[in-house]
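Visitor: Mind having a look at this structure? Questions to follow.
The values are calculated or read from the model by the stated rules, or taken from the named source; none is laboratory data. This is a predicted model, so every value here is computed, not measured. Because the Cβ atoms are built from the backbone with ideal geometry, glycine has one as well, and the counts that use them run over all protein chains shown.
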Amino acid sequence: MHSFFSPTTSSGDAKLDVDTLPGNDRPSRARRARMPLIVGGIAIIVLYHVFHSVFVPGCTARSTPLSFGHLNTQSVCPQEDVLTPTKNSDMWSRTNELYSTQSFRSRAVRRLGEAVKIPTETFDAMAPVGEDSRWETRQPFVDHLAMEYPYTHKYLELQKVNTYGLIYTWKGTDESLKPLLLMGHYDVVPVAPLSVDQWTFPPYSGHFDGENVWGRGSSDDKSGVIGIMTTVETLLELGFKPTRTIVLSFGFDEEAGGYHGAGHLGPALLERFGPDSMAMIVDEGSGFSESHGAIFAAPGIGEKGSVNVQVDIQTPGGHSSVPPEHTSIGMLAALIVHLENNAPVPKLTPNTPAFLMTQCLAAHAPSMPYSAKHAILHADKSKKAMKIAEKFLFQDGMIKALVGTTQAVDIIHGGVKSNALPEQASAIVNHRIATQSSVKETIDRDAQLVKALAAEFNLSVTAYGEHLTPLGAPAYGTLELTAPQTLEPAPIAPSDAKPFKLLAGTIRAVFKTARADTLDKDKEIFVMPGIMSGNTDTRFNWELSDHIFRYGHGNMVIGGLNGIHTVNEHISAASFLEMITFFTTLILNVDEAQL
Ligand SMILES: *[C@@H]1O[C@H](CO)[C@@H](O)[C@H](O)[C@H]1NC(C)=O
Ligand SMILES: [Zn+2]
């Protein structure tokens, strides 16, 4: 997963005060959710946080189904039946049998460890492949795959794109069927040299301590790439012949935006297969987690967009002994205060992924306060209910961030000398754009806000190449807004279509049959639409399918995803093995499904 700039810290100390909610008729103790410090602005973490904070209020569990007047919660967020292979049932049983053996488990874990040992670090602003020698760390990884997965390399066609991008094609017997595309990335976030001492095991050790595999990439996303490769190799070993073609696409610079890897793989796939050619696409993403009696999986059906808006102010310089009332730094400061005082207001919007997610939570989480459930389930019908629902949900900063467009002033520059007036001052505002909004709406909003204030300082304003103030009119200085790199929110995959339903049924099947944790075996998993707040390589594959999901089945109940983008990244071996079962079941289910 790629978070746009340096990681943000999210601690789980969110405290909810549900007592203030109208209509809350039962005593509730706001408890503090304890969870490890997690770093990285990604959906997994967001969801993890959501699960561990929304439901924190101690509230007596109420047995489902609940009925809210005319609303029966069973009709909200209906759950798919467990879906196991039928035509491929024999193959599925054989894989499950194999996966339960110690020899398979050791081998899978060793494979992940070996992959972690190859430090495929991605840095910002790397020069093209061939010019920047730092890409060369990829070759040993590519060679390693060839050595470790002989059947895959014998029976699948491998196309290399921009040297290190990998497309494997496993031809199905029926070429009229749209392929399944599985994605991943094998690059990793660099390990900060000063943080090496803080690692329990060296970051590129791939050490297995009997429970966890340690090291950079063990979770993000070598568990995905190695999980998929191991699945394919195993299916080949067992003699599986797919009916539907399976395509694997592995990028090598996702952690810096994917421009050199997926940015070339996407067009290559498009050229080869054409638009709308894939039955469904599954890339790295969230997993599942427990909260107060309910377990939720949240495949990302969308991704927030992003844009960095740069604000530059230029004013005449001079000796600071005869200063104007405001320097460019003072003006910039006022602008930033103005932006922060007028931050975008998140709006829970019906029919958005975030809204669907809250419906599922309200329908299936037994310990969410009754008043909050009631409000959330009526939010699309009553303004009052919407207000209460938003008030409840937005007490959690993470939900608030998922629902709306966010802004954060992350960089500021200005001034060079203590006795010289600053001729320039600049700031960068990072926005993550709500799925229901757009780049244009976001940057236009900033332009309107700064324009209003610029008049006060007698600045001429240029926003994204357009003059907002009369050209040539006298002004004391200039204010310019630019937005060089933009990413629209991803198209939303329909959650009522066959591919999502197949994915949901598969998740429920894997949870039921191949669960490694110590939870009550009768526990059910609820699948709901999710959103990535960060971005994935799928941004380059929008044209290939309407059905793009970000999901890897990481088991967060037992610590499936830890230390992503920070020290001590590790993954529990049990979770990694569950991921392999997930990829296996997905491939077999998709193979026999009509999509
Ligand atoms: C803005 O600044 C210019 C240049 O210093 C000056 O000519 C003009 O009168 C100023 N306008 C206002 C409204 O102060
Ligand atoms: Zn990743």
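Visitor: Can you pull out the strands (runs of 3 or more DSSP E) entirely within the stretch 143-203 that have at least 1 residues that are without any contact (Cβ under 8 Å) to a residue 12 or more places away in the chain, surrounded by 14 or more Cβ atoms within 10 Å (Cβ to Cβ) and among the basic types (K, R)?
Guide: Those strands (runs of 3 or more DSSP E) do not exist here; none qualify.
Visitor: Got a number for residues in the stretch 415-456 being more than 16 Å from ligand 1 (Cβ to nearest atom), in contact with a helix residue (DSSP H, G or I) (Cβ under 9 Å, 6 or more places away or on another chain), part of a loop (DSSP other than H, G, I, E, B) and not small (G, A, S)?
Guide: 3
Visitor: Mind checking which residues of the stretch 527-574 are touching a His at 6+ places or on another chain (Cβ under 8 Å), in a strand (DSSP E or B) and over 28 Å from P179 (Cβ atoms)?
Guide: Listed by number, the list holds a single entry, N562.
Visitor: Which residue, of G184, G239, G210, is within 22 Å of G251 (Cα to Cα) and among the small types (G, A, S)?
Guide: Within the list G184, G239, G210, the selection yields G184.
Conditions tested, residue by residue: (1) of a type in the set (D, E, K, R); (2) touching an Asp or Glu at 6+ places or on another chain (Cβ under 7 Å); (3) crowded, with 21+ Cβ neighbours inside 10 Å.
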{"residue": "M368", "(1), (2), (3)": "no, no, yes"}
{"residue": "D380", "(1), (2), (3)": "yes, no, no"}
{"residue": "A385", "(1), (2), (3)": "no, no, no"}
{"residue": "A389", "(1), (2), (3)": "no, no, yes"}
{"residue": "A401", "(1), (2), (3)": "no, no, yes"}
{"residue": "T405", "(1), (2), (3)": "no, no, yes"}
{"residue": "D410", "(1), (2), (3)": "yes, no, no"}
{"residue": "K417", "(1), (2), (3)": "yes, no, no"}
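Visitor: Right, something else. Give L459, L479, L468 a once-over and let me know the one that is surrounded by fewer than 18 Cβ atoms within 10 Å (Cβ to Cβ) and within 16 Å of ligand 1 (Cβ to nearest atom).
Guide: Criteria check complete, one pass: L468.
Visitor: Can you tell me which residue is farthest from ligand 2 (Cβ to nearest atom) among those in the stretch 477-507 that are in contact with a strand residue (DSSP E or B) (Cβ under 8 Å, 6 or more places away or on another chain) and of a type in the set (S, T, Y)?
Guide: Here the residue is T478.
Visitor: Could you look through the stretch 255-299, keep only residues that are at positive phi and surrounded by fewer than 19 Cβ atoms within 10 Å (Cβ to Cβ), and pick out the one that is nearest to ligand 1 (Cβ to nearest atom)?
Guide: Taking the candidates together, the pick is D276.
Visitor: A further question on this structure: Find the strands (runs of 3 or more DSSP E) located wholly in the stretch 258-312 whose residues include 2 or more that are assigned by TED's automatic domain parsing to the domain that holds I558, within 15 Å of ligand 2 (Cβ to nearest atom) and in contact with a Phe, Trp or Tyr (Cβ under 9 Å, 6 or more places away or on another chain), and list them.
Guide: Passing ranges, in order: 280-291.
Visitor: For F355, which of the numbered conditions (1) surrounded by 24 or more Cβ atoms within 10 Å (Cβ to Cβ); (2) assigned to a helix (DSSP H, G or I) fails to hold?
Guide: All conditions are met except number (1).
Visitor: Is it true that some residue in the stretch 111-123 is in the same structural domain as T245 (by TED's automatic domain parsing), small (G, A, S) and exposed (fewer than 13 other Cβ atoms within 10 Å of the Cβ)?
Guide: No, there is no match, as no residue in the stretch 111-123 is in the same structural domain as T245 (by TED's automatic domain parsing), small (G, A, S) and exposed (fewer than 13 other Cβ atoms within 10 Å of the Cβ).
Visitor: Can I ask one more? Where residues in the stretch 502-553 are among the basic types (K, R) and modelled with pLDDT of 95 or more, which of them is nearest to W92 (Cα to Cα)?
Guide: So the residue we want is R508.
Visitor: Answer yes or no: is there a residue in the stretch 234-254 that is more than 16 Å from ligand 1 (Cβ to nearest atom), under 25 Å from D132 (Cβ atoms) and among the small types (G, A, S).
Guide: Checked the stretch 234-254: at least one residue is more than 16 Å from ligand 1 (Cβ to nearest atom), under 25 Å from D132 (Cβ atoms) and among the small types (G, A, S).
Visitor: If you go through the stretch 469-476 one residue at a time, do you hit one that is in contact (Cβ under 8 Å) with a residue 60 or more places away in the chain and either more than 16 Å from ligand 2 (Cβ to nearest atom) or part of a loop (DSSP other than H, G, I, E, B) (or both)?
Guide: Yes, some residue in the stretch 469-476 is in contact (Cβ under 8 Å) with a residue 60 or more places away in the chain and either more than 16 Å from ligand 2 (Cβ to nearest atom) or part of a loop (DSSP other than H, G, I, E, B) (or both).
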